[in-house]
Each structure stands twice: as C-alpha cells, then as structure tokens.
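Following: one structure in structure tokens, then a few remarks.
The values are calculated or read from the model by the stated rules, or taken from the named source; none is laboratory data. Quick caveat: nothing in here was measured; it's all calculated off a predicted structure. Cβ: placed from backbone, ideal geometry, glycine included. Neighbour counts: every protein chain shown.
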Amino acid sequence: MLEVKNVTKYYGKFKAVDNLSFEVKPGEIFGLLGVNGAGKTTTFRMIMGLLDITKGEITLDGKPIDYSVTDKIGFLTEERSLLTKMTVKEQCIFYGRLKGMDENTIIKRMRSYLKKFNVSEYEDKKIKELSKGNQQKIQFITAIINEPKLLILDEPFSGLDPFNVEMFKNEIIELSKKGSIIIFSSHRMEHVELFCKKLVIILKGKTVLNGYLKDIKEEYKKKDIFIKGDVTKDELMSVKGVVDVIERADELEVIIESNDNVKDVFDVIKKKKNITKFEVQEPSLNEIFVTKVGEEFDK
Ligand code: ATP
C-alpha cells in the first residue's frame, strides 16, 4: 500500500504542498487532480523519492521509498522524456536496464506490448521518426516494462485518438487487476471518471476534496437534468431550485439544488408538448471540480 501522510513541501519560503494525506491499495486507481500549479508534479516527485519532503512521510508497504524500491516504480511524465535519436528497441532496453531487468525479458515484454498497441513495425525506427501518438505509446511501454508495483501516470492519454485511449485504458485496468498501485493525473475529468474510484483534488497545495468518487457525488447533492424539446432556458431558470441552465448542442442541461427539485422541474415539463427527453443524472466530476475550485478561488 502507498501511504502519503501529512506531507508538506516548501520551496524556500513557498509552500507548494500543504499537509496532503491519502492512501492507495494494490489494485486501486487513484486520481490526483488539480489546476495548473496545484502541486501535483511536486507530489509525484516526492513519491518517487526525487524530491525531499519538508514534513510528513511517504511509504510503500510501510517502508520509505528509496533506491531499493525504484525498480518497482513506473512513471509516465506529462512531458515527453524519450531520447529521440534512439530506436524504440534501444529506448526500451535503456529504461528496462535502469530498472534492473535483463535484456531477454525486456525484449520479450517490449515485443508483446508493441504488438498489443499495433506498432510492431516501429521496433527499429528512431523515436523522432514516430508520430506524437506513437511516441506516447512508446513512453507508456517504457513506464510499464518493469510491470511496476507502483505506477504514476501523468496525462497518459495526451496526443492519443479515442481508439488508442480505449486501448491504454484497458491496459491500465489490466495492470490494476494484476495488483499494481496506480496514481492517475489528468485535466480531463471524463478520463478520470473512467476508472478512478478514489481521488483527491488539490489547489495551491491544499486539499479541496478527498475520498471516494461515489461519496463525493452524493455529498455534492446537485443533480443534472437533460431536457430535449420545446422549452426555453428562461422558463426553466424561473423554476424553484434551478441553479443554472446550460444550452448544449441539441438539449438543455438543468442544474438543480437537490434531488427534491426534480419534481419542480418535472411539473413544468409535463405541461409541455414535444418533450423528447427528460433524464436525471449524477453531476459530472468536471462540474464538481469546476464548482469546488471556483469556490476556493472566491474565498
Ligand atoms: P501543472 O498542472 O501546471 O503541471 P502542478 O500541479 O504539477 O502543475 P507543480 O509543478 O507541483 O504543480 O508546482 C506547484 C507550485 O510549486 C507552483 O506554484 C510552482 O510554481 C512551484 N514550484 C514548482 N517547482 C518549484 C521549484 N523548483 N522551485 C520553486 N517553486 C517551484
């Protein structure tokens, strides 16, 4: 289990991370989220043992993370960190060796992943000759080549088309099923919702939300109603409990205070003709993120 306990990080006098705590068990995919400059990279670097912690403690299976465990960690950084003049094979061998693997195992795993990601023909091509999305695949392969016990994924889907996002997503789920501890970070909340059951949202180093997505959604209370048909934004805005109405491409998204207000909106809609959709949904993580971060900025 990964445990981050009351961790604070100062850069000089500047507090970049403020008393952050969370834990991730094997098989769990945890979301570490925040706006730009929130302290995510700083936290990753502390987990990896690349930065000193000012206060608090980070442990993997009860022990501090040092060079004795780095072989068991995989890190996919947001920035590309490939050596572009190397071939794909040389790159994989280079990273695999850094993780203490023997060459035969590296090549075997590399070939199986290249096949899985439909890029076998690039094995002897230089990284710089690959497209952005294919470079991302190689970066992902180098991060998981050691079958890491702890895997940190920072914007893993950057530059990928929806088909490849799906493929990566399946592989990440596969790794978690095999027992990896996975920390996932992305600004794309719909990606986070795909597989993070537990998450923390930080802002200027401080924790804004922390816990299970299910509980966070329940606590948030607001619901969204999607309506298609002959009703206007103004009509809906005047209904009790309606907080906002967002005009989407071919429907209206109505945000209400709480579940109790579904009836108030429905009472207006049932008098209308030509309503083809009335659907109540949980708030999206995106909506919760924007609201919570907005509230913090307003403080
Ligand atoms: P982004 O989403 O933009 O990548 P982030 O959440 O990863 O942001 P960090 O890179 O961890 O944010 O930075 C957190 C804060 O610490 C920022 O205000 C940043 O300017 C500051 N910071 C980061 N590295 C240093 C450093 N080496 N020295 C001083 N301040 C730093």
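A compact table of results
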| item | result |
| --- | --- |
| Residue within the range 34-45 that is farther than 27 Å from Lys169 by Cβ and at pLDDT 95 or above present | no |
| Any strands (runs of 3 or more DSSP E) falling wholly within the range 204-289 and containing at least 1 residues that are outside the structural domain of Lys40 (by TED's automatic domain parsing) and touching a strand residue (DSSP E or B) at 6+ places or on another chain (Cβ under 6 Å) | 223-229, 242-247, 252-256, 275-281 |
| Criterion violated by Glu190 - all others in (1) in a helix (DSSP H, G or I); (2) buried (at least 16 other Cβ atoms within 10 Å of the Cβ); (3) among the acidic types (Asp, Glu) satisfied | (2) |
| Candidates Thr70, Thr105, Thr84 - the one that is touching a residue at least 40 places away in the same chain (Cβ under 8 Å), over 26 Å from Glu193 (Cβ atoms) and of a type in the set (Ser, Thr, Tyr) | Thr84 |
| Any hit, the range 167-187, residues being surrounded by fewer than 19 Cβ atoms within 10 Å (Cβ to Cβ) and within 16 Å of the ligand (Cβ to nearest atom) | yes |
| Hits in the range 34-70 - residues which are over 29 Å from Gly96 (Cα atoms), hydrophobic (A, V, I, L, M, F, W, C) and surrounded by 20 or more Cβ atoms within 10 Å (Cβ to Cβ) | Ala38 |
| Filtered residues of the range 1-37 (kept if more than 12 Å from the ligand (Cβ to nearest atom), of a type in the set (Phe, Trp, Tyr) and within 17 Å of Glu57 (Cβ to Cβ)) | Phe22 |
